[in-house]
Amino acid sequence: MIDSGSLMSGHPDAWDSPTSVNPTGSSRTPGTAGTGTAGPGSVAEAVAVQEELGPLVDLVGPGPSAPATVAGLDVAYAEGGDLLAAAVTVLDARTLAVVDSAVGVGRPAFDYVPGLFAFRELPALLGALERLTTIPDLLVCDGHGLAHPRRFGLACHLGVVTGLPAIGVGKTPLVGTWDPPSAERGSWSPLRDGGDVVGRVLRTRDGVKPVFVSVGHRMSLENATAQVLALTPRYRLPETTRTADRLCRDALAEAEQPG
């Protein structure tokens, strides 16, 4: 198990909020999924956290060009949305074999608000990261980083909190416009939002729908693109995402079994 102090080498207080009241009327205590730390108590507080932490993101990197280990992070939700499973799988970057993994089941730590997903999932994901025995060289989030309305998606938040290089790989866009990339694997086009380039629309398989790549923390966009291509030798989605998705879905199914 990783010592939380060694993992949280970034800004471990980046989740904390002085308020534990949820004005939406939910009986849940914010921050109860995973780490037990207090999260923001309102949408306004959550937005303020993102705006405060945004300048801490390193968008230059360049980050590890040849990481030894790469982690995938994903979250699965029960049908009613009141239960989640957060999984982290660590892969050998050369063989793409899983060398470590951790999963936790808990309650969402924040209400469903577009653009604030990190506050629902971050405590549970941090809890899973802390249960690993290997500190990965790169985090690959099933979601977005800079390609976010406030330029601070889940990949940015995880990167700032842990201090680890992080990227986001989304199946669908959250923001932005783009021209379709060419049909060949490796082709890409800029993802633009409000005049900013916030990511790349990357084709990982010939003639298959692209994915949406953005920097999270301590990575360049060029390197993020290269790492995603290295993680997609056979399928549209990175092997990191595929393995984490299977793990969290299996854990959720087990947790929902009666008895």
Residues located in segment 54-99, provided they are on the phi > 0 side of the Ramachandran plot and among the hydrophobic types (A, V, I, L, M, F, W, C): Leu96
Any hit, segment 237-254, residues being in a loop (DSSP other than H, G, I, E, B) and either more than 19 Å from Val88 (Cα to Cα) or over 17 Å from the mean Cα position of the chain (by Cα) (or both): no
Residue pairs meeting the criteria (Cβ under 8 Å; at least 6 apart or on separate chains; first under 12 Å from Asp74 (Cα atoms), in segment 247-259; second of a type in the set (Asp, Glu)): Leu247/Asp74; Cys248/Asp74
Selection count where residues are surrounded by fewer than 19 Cβ atoms within 10 Å (Cβ to Cβ) and in contact with a strand residue (DSSP E or B) (Cβ under 6 Å, 6 or more places away or on another chain), scope segment 100-131: 2
Exclusive hit being touching a strand residue (DSSP E or B) at 6+ places or on another chain (Cβ under 6 Å), at pLDDT 95 or above and within 28 Å of Leu229 (Cα to Cα), set Ala71, Ala66: Ala71
Any hit, segment 179-197, residues being within 20 Å of Asp58 (Cβ to Cβ), touching a residue at least 12 places away in the same chain (Cβ under 8 Å), touching a Cys at 6+ places or on another chain (Cβ under 7 Å) and part of a strand (DSSP E or B): no
Lone qualifier among Gly163, Gly176, Gly143, Gly195 - being at positive phi and surrounded by fewer than 17 Cβ atoms within 10 Å (Cβ to Cβ): Gly195
Pick from segment 124-147, criterion within 12 Å of the chain's Cα centre (by Cα) and not aliphatic (A, V, I, L, M), ranking: nearest to Leu252 (Cα to Cα): Asp142
Cross-chain or 6+ apart pairs with Cβ under 7 Å, segment 217-229 first and within 14 Å of Ser187 (Cβ to Cβ), then among the small types (Gly, Ala, Ser) and surrounded by fewer than 18 Cβ atoms within 10 Å (Cβ to Cβ): Leu229/Gly186
Sole exception among (1) in contact with a Ser or Thr (Cβ under 6 Å, 6 or more places away or on another chain); (2) among the hydroxyl-bearing types (Ser, Thr, Tyr); (3) more than 17 Å from Thr241 (Cβ to Cβ) for Ser101, by number: (3)
Residue match in segment 149-162 (condition: among the aromatic types (Phe, Trp, Tyr) and in contact with a Lys or Arg (Cβ under 9 Å, 6 or more places away or on another chain)): no
Residue that is surrounded by the fewest Cβ atoms within 10 Å (Cβ to Cβ), among those in segment 67-90 that are touching a helix residue (DSSP H, G or I) at 6+ places or on another chain (Cβ under 9 Å) and either farther than 30 Å from Glu254 by Cβ or hydroxyl-bearing (Ser, Thr, Tyr) (or both): Tyr77
Selection from segment 174-195 of residues that are modelled with pLDDT of 95 or more and within 17 Å of His144 (Cα to Cα): Val175, Gly176, Thr177, Trp178, Trp188, Ser189, Pro190, Leu191, Arg192, Asp193
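The values are calculated or read from the model by the stated rules, or taken from the named source; none is laboratory data. From a predicted model like this one, the values you see are computed outputs, not experimental measurements. Backbone-built Cβ (ideal geometry, glycine too); neighbour counts: all protein chains shown.
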